[in-house]
Amino acid sequence: MKPRLTLGPVLFNWPADRWRDFYFRMADEAPVDTVIVGEVVCFKRAPFFAPVMDEVIARLASAGKEVWLASPILVGSDRERSAMRDLVSCDLLPIEANDMGALSLLDGRRHAVGPFINCYNEATLAWLAGRGAMSVSLPAELPAASVAVLAKAGVELGLSIEVQVYGRAPLAISARCYHARAHGLHKDGCQFVCGNDPDGMPVKTLDGQSFLTVNGTQTLSHGYLGLAAEMDRLLAMGVTRFRLSPQDTDMVAVATAFRAVLDGERDGREVVAELGRSSPAPLENGFFHNMAGATYAAGHSPGA
Amino acid sequence: MQPFELICPAGNPAALRAAVDAGADAVYLGFRDETNARNFPGLNFSRDDLAEAVGYAHARKVQVFVAINTYPQAGNLGPWQRAVDDAARLKADAVILADIGLLAYAARRHPDLRLHLSVQASAANAEAIRLYRDAFGVRRVVLPRVLTVPEIARLNAEIDIETEVFVFGGLCPMAEGRCSLSSYATGQSPNRQGVCSPASHVRYEPRGKALASTLGGFTINLFGEDEQAGYPTLCKGRFLSGDTPAYLFEEPTSLNAMELLPELKAAKVCALKIEGRQRGKAYIAAVVAAYRKALDAFAKGQAVPKLDLDAMVEGGTQTTGAYKRAWR
């Protein structure tokens, strides 16, 4: 299977026109194969993007991108459930399921399994394959040894395994909105304060050390995953999909750099050094190397 | 009206006996390894301990549930599958599982073994719960701590398996089983190793007159001279999201939903769960006895006595957590 670059959904609350323009530019300029769209973090934001969704999908499709729709991460309330059901009822595009509820509704249909459904081992992977998964995106915290076993099993089962190689690592989801809480507000009256932070709200320790990022109900890493130097190893394991998670940076340049590594035109270590200089936060690869996620393992160029 | 079942934690045989003697309907516990989500040094049960525990509990008509609720390691499924096999062989009344592959194994290998879905599976909607029921025969779901009581009521109206909810003890503000915060700071995660904010990565360091608690080198809190230093659980730390230090995710507080018994009954919740397998037998005895007294009074239609659990809660403060909408 030819390796593919995936652009994950925008996780942050960008203004709708910026969101649309971002996807237009990605359609026109970014050498990615698959683009996943949809609001996965907070159902309250979805109505802002809904009016421009059709034109974004059309633009991406006409540029030759494969377009998938992502289902929400946490589905508990009635409104979240009805948003999930509406999404899954769309049978024009493949769905990436991020919750077992969406997976349940996709019974019998080909679909993708997103990184928010826990697939930690080959037994779970086999069960997901048996239900029609065409690809499975692995949790960010999996170390290389686990990725290797899963990638090999994926080859045997005939589905593609995806690993996130760029962008902040998603670390947690909650029913509580920490953006609202930090502003002294409740989720119900949040005034959409998450929209003030297009790359998420920085969370520092009391020493002033950058640590985490809050994005509404979601918590992410401060650093960006940067696995460019590990691409050769990932390819050798049998990983066939490489996910870039959109950040407030030049994602066309990011995609172009990763494409060059995939095509064997550039060395991953050189690319990670370059991305380390251009990314707004330091790059991290600790999870993959079975260390604390908030580290960049020695032996590779850390960049910023 | 069916009374609530009271599900109580045990981290060792003494705590199990304390829970049974204090009025538990069921005790839940884990094996002494990474197969359960409270994999702490000096805690948990050997196979022989489990055999004795089941004997002690069953003689007193109390059930034993075995939590095997971490996510098995790729390429090394053996320890998790053996844990399920041994729980079945030693006559545990149910196993509490989260991983899809392990649920499939248990359903296939032990068709008579009762399966409960762990809170670690984070099944928060009727569609997800029906999938676990249909695919694996799951009989009970422990609900993630993200739902309000009205949402639980509507959920129970749509599903036909039992629900169990946490009513007391430590409170994760994040959806359980979907949190890698600990692993980001330390490399050790609840899902993989069964630990959160592990003691092996904790340091206390003086900073002038203050005391800093750190986890994996990250400062989680700073305590002034007049403050009591707490354990640096990552999501209960003080951080800066602007200029003012704040408990950004959650205060050091404990869940206590005793005031919600009528609402939880009306919501058709089957079982109430106390958190705290890491706690000592004195704590277990006191909390279980208090809840037993409350549930007995409630079952007889009497007023639930006001119970003094303040000394038992983290930071001395209590919350009803996600059960009330304002928590969000």
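The values are calculated or read from the model by the stated rules, or taken from the named source; none is laboratory data. Quantities reported herein were computed from a predicted structural model and do not represent experimental measurements. Neighbour counts are summed over all protein chains in view; Cβ atoms, including those assigned to glycine, are modelled from backbone coordinates with ideal geometry.
In the set (1) over 20 Å from A:Ala140 (Cα atoms); (2) in a helix (DSSP H, G or I); (3) of a type in the set (Phe, Trp, Tyr), B:Tyr184 fails one condition alone, (1).
In segment A:21-47, the qualifying residues are those that are in contact with a Phe, Trp or Tyr (Cβ under 8 Å, 6 or more places away or on another chain) and outside any loop (DSSP other than H, G, I, E, B), and the one that is surrounded by the fewest Cβ atoms within 10 Å (Cβ to Cβ) is A:Phe22.
Counting only helices (runs of 4 or more DSSP H) wholly contained in segment B:37-130, the ones carrying 1 or more residues that are at pLDDT 95 or above and touching a His at 6+ places or on another chain (Cβ under 9 Å) occupy B:78-89.
Just checking, which of B:Asn76, B:Asn44 is buried (at least 22 other Cβ atoms within 10 Å of the Cβ) and either outside the structural domain of B:Pro9 (by TED's automatic domain parsing) or not hydrophobic (A, V, I, L, M, F, W, C) (or both)? Please lay out each step first, then the result.
Numbers: B:Asn76 fails: buried (at least 22 other Cβ atoms within 10 Å of the Cβ).
Just one listed residue meets the conditions, B:Asn44.
Based on what the data block shows, is A:Ala273 assigned to a helix (DSSP H, G or I) and out of contact with any Ser or Thr (no Cβ under 9 Å at 6 or more places or on another chain)? No; evaluated as a whole, the condition is false for this residue. Number of residues in segment B:125-148 that are free of Cβ contacts under 8 Å to residues at least 60 places away in the same chain, touching a Leu at 6+ places or on another chain (Cβ under 7 Å) and either more than 8 Å from chain A (Cβ to nearest Cβ) or closer than 11 Å to B:Thr163 by Cα (or both) equals 5.
Can you pull out the residues in segment B:5-25 that are surrounded by fewer than 22 Cβ atoms within 10 Å (Cβ to Cβ) and either assigned to a loop (DSSP other than H, G, I, E, B) or under 14 Å from the mean Cα position of the chain (by Cα) (or both)? Working first, answer last.
Going residue by residue through segment B:5-25, those that are surrounded by fewer than 22 Cβ atoms within 10 Å (Cβ to Cβ) are B:5, B:12-14, B:17, B:21-23, B:25.
Listed by number, the residues that qualify are B:Asn12, B:Ala22, B:Gly23, B:Asp25.
Selection over segment A:113-145 of residues that are assigned to a loop (DSSP other than H, G, I, E, B) and under 18 Å from A:Ala236 (Cα atoms) gives a count of 3.
If you take the residues in segment A:118-138 that are touching a Ser or Thr at 6+ places or on another chain (Cβ under 9 Å) and more than 7 Å from chain B (Cβ to nearest Cβ), which one is surrounded by the fewest Cβ atoms within 10 Å (Cβ to Cβ)?
Of all residues in segment A:118-138, those touching a Ser or Thr at 6+ places or on another chain (Cβ under 9 Å) come to A:118-121, A:134-138.
Checking the rest, the ones that are also more than 7 Å from chain B (Cβ to nearest Cβ) come to A:119, A:134-138.
Details: A:Cys119: 28, A:Met134: 13, A:Ser135: 24, A:Val136: 24, A:Ser137: 24, A:Leu138: 25.
Selected residue: A:Met134.
Filter segment A:68-105 for residues that are among the charged types (D, E, K, R) and either facing chain B (nearest Cβ under 8 Å) or surrounded by fewer than 22 Cβ atoms within 10 Å (Cβ to Cβ) (or both); which is nearest to B:Asn125 (Cα to Cα)?
Of all residues in segment A:68-105, those among the charged types (D, E, K, R) come to A:78-81, A:85-86, A:91, A:96, A:99.
Among the residues that remain, those that are also either facing chain B (nearest Cβ under 8 Å) or surrounded by fewer than 22 Cβ atoms within 10 Å (Cβ to Cβ) (or both) are: A:78-81, A:85-86, A:91, A:99.
On the way: A:Asp78: 9, A:Arg79: 11, A:Glu80: 9, A:Arg81: 7, A:Arg85: 12, A:Asp86: 15, A:Asp91: 22, A:Asp99: 9 Å.
Here the answer is A:Arg81.
Run down B:Ala212, B:Ala98, B:Ala185 and say which single residue is buried (at least 24 other Cβ atoms within 10 Å of the Cβ), among the hydrophobic types (A, V, I, L, M, F, W, C), facing chain A (nearest Cβ under 8 Å) and more than 16 Å from the chain's Cα centre (by Cα). Step through it out loud before you land on a result.
Numbers: B:Ala212 fails: buried (at least 24 other Cβ atoms within 10 Å of the Cβ); B:Ala98 fails: more than 16 Å from the chain's Cα centre (by Cα).
It is B:Ala185.
Counting only strands (runs of 3 or more DSSP E) wholly contained in segment B:210-304, the ones carrying 1 or more residues that are of a type in the set (Gly, Ala, Ser) and touching a Phe, Trp or Tyr at 6+ places or on another chain (Cβ under 8 Å) occupy B:210-215, B:254-256, B:271-274.
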